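Step one of this worksheet: look at the structure below.
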Amino acid sequence: MTRRYYQPDLPQVAGTNFSLDETEAGHAIRVMRVKPGDHLQLFDGRGRIATAEVTLVNRKACQCQLLNAPSETEVMQRRVKMGIAFPKGDRCKRMIESLTELGIDTVVPITAERSQRPESEATLQKLRRTIIESCKQSGRNHLMQLKSPQTLEEFASGAVENCRWVADPRGEEPDSATAAQSDGICVLVGPEGGFTDDEVSLATARGFTSLALGHSILRIETAAIVAGAKAVGAV
């Protein structure tokens, strides 16, 4: 179990006394059983990290003192944004965990002809908590951004990255040279059954190149992880 905690309002001056974020305090108190004198690593989700010492613990709060001014950590040079027709339930949660670990910068749920209804705000909030937990586990200090749902056309029309891929079994392997020279990559992954021909045509008309992900037909979450890994250069 980790001693890393998310503190969005991380103090900036060493010696500052503060209370741990409410949700994180509950985990620290009831699960990790922290006690005065314990040291915690904190991150604010925007790249800053610091160490704090627990000074007081009660049933509802965990008070700390910042031991050092926060330091900045590096962000990946190549930003990857993904538009995905989300799967449901635990499959979606596992996908979000993996994309966070890979270092994907932004994920946007998209609606397509073969996808189900857009994700509710309650579901998105639960997935944002999953992102925090995955960052704590993986050591990532920048939170992956999970945006509000968009239609396929809205997402494709708003893409500004110079390298754009749409997952399509009829496509080709990505141009690794072009991807390597890009500081931003935008990826589209469709629902079960894939994008329709009209949807692929819409994406390609807006600068997306069809991307094959292998010889097998992949489930949404697998396709998203494979495409994300290709985009960040992990494979």
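The values are calculated or read from the model by the stated rules, or taken from the named source; none is laboratory data. These figures come from a predicted structure and were not determined experimentally. Using ideal geometry, Cβ is built from the backbone for each residue, glycine included, and neighbour counts are taken over all protein chains shown. These area figures cover heavy atoms from the full protein model, side chains too; ligands, DNA and RNA do not enter into them. Shrake-Rupley method; radii C 1.70, N 1.55, O 1.52, S 1.80 Å.
Worth pointing out:
- Of all residues making up the stretch 1-43, the number that are assigned to a strand (DSSP E or B) and surrounded by 13 or more Cβ atoms within 10 Å (Cβ to Cβ): 9
- Look at the stretch 31-57: where a residue is more than 23 Å from L143 (Cβ to Cβ) and a partner is surrounded by fewer than 16 Cβ atoms within 10 Å (Cβ to Cβ) and acidic (D, E), sitting 6+ places away or on another chain with Cβ atoms under 9 Å, you get P36/E53; G37/E53; D38/E53.
- Residues of the stretch 103-125 that are surrounded by fewer than 19 Cβ atoms within 10 Å (Cβ to Cβ), within 13 Å of the chain's Cα centre (by Cα) and of a type outside the set (S, T, N, Q): L124 alone.
- Residues of the stretch 142-164 that are in a loop (DSSP other than H, G, I, E, B) and open to solvent by 20 Å² or more (accessible area, probe 1.4 Å): L143, K147, S148, P149, G158, V160, E161, N162.
- Filter pass, G89 being out of contact with any His (no Cβ under 7 Å at 6 or more places or on another chain), buried (at least 21 other Cβ atoms within 10 Å of the Cβ) and at positive phi: no
Residue by residue, here is whether (1) at pLDDT 95 or above; (2) β-branched (V, I, T); (3) within 30 Å of L211 (Cα to Cα); (4) surrounded by 15 or more Cβ atoms within 10 Å (Cβ to Cβ) holds:
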{"site": "G45", "(1), (2), (3), (4)": "yes, no, no, yes"}
{"site": "E53", "(1), (2), (3), (4)": "yes, no, no, no"}
{"site": "Q63", "(1), (2), (3), (4)": "yes, no, no, yes"}
{"site": "N68", "(1), (2), (3), (4)": "yes, no, no, no"}
{"site": "R78", "(1), (2), (3), (4)": "no, no, yes, yes"}
{"site": "M82", "(1), (2), (3), (4)": "yes, no, yes, yes"}
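- Residues that are basic (K, R) and within 21 Å of A229 (Cα to Cα), drawn from the stretch 193-218: none
- Meets criteria (open to solvent by 50 Å² or more (accessible area, probe 1.4 Å) and modelled with pLDDT under 90) for A179: no
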